[in-house]
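Taken together, the values in this text are just the output of simple stated rules run on the coordinates, not laboratory data. Source: prediction; values computed, not measured. Neighbour counts run over all protein chains shown; Cβ positions are idealised from the backbone, glycine included.
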Amino acid sequence: MTCNHCVANVKDSLIKIDGVKNVRINLEKKNAVVDGDYNSDEIKAAIEKAGYKVVE
Ligand SMILES: [Cu+2]
């Protein structure tokens with residue numbers, strides 16, 4: 001993720017996932033905090049589908 005456009009892309013794809021209540025993305029730290037009751041595999045798949053790599 002390198003700019004605010006990327007942040008919006010990732011946020012949009014994550015917020016659509018079942019159980020996700022809130023998504024906060026920190027561009028400087030390059031991390032995402034996802035609130036809710038969700039399946040983390042779905043989160044990873046959505047991020048990858050949006051074209052980004054998941055670093056754990
Ligand atoms: Cu970007």
Practice task
Give the residues of segment 1-20 that are more than 17 Å from LYS53 (Cβ to Cβ) and either out of contact with any helix residue (DSSP H, G or I) (no Cβ under 9 Å at 6 or more places or on another chain) or in a helix (DSSP H, G or I) (or both), sorted by residue number.
Solution key: ASN4, ALA8, ASP12, ILE15
Handout entry: Pairs, first without any contact (Cβ under 8 Å) to a residue 40 or more places away in the chain in segment 38-56, second exposed (fewer than 10 other Cβ atoms within 10 Å of the Cβ) and of a type in the set (Asp, Glu), C-beta under 9 Å, six or more apart
Key = TYR38/ASP18; ASN39/ASP18; GLU42/ASP18; LYS44/GLU56
Problem - Residues of segment 31-56 satisfying the condition of being on the phi > 0 side of the Ramachandran plot and surrounded by 13 or more Cβ atoms within 10 Å (Cβ to Cβ) - result: GLY36
Exercise for the section: Look at segment 1-46 and say how many of its residues are within 16 Å of the ligand (Cβ to nearest atom) and polar (S, T, N, Q). Expected result: 6
Exercise for the section: Hey, can you tell me all the residues within segment 21-43 that are part of a helix (DSSP H, G or I) and over 8 Å from the mean Cα position of the chain (by Cα)? Expected result: SER40, ASP41, GLU42
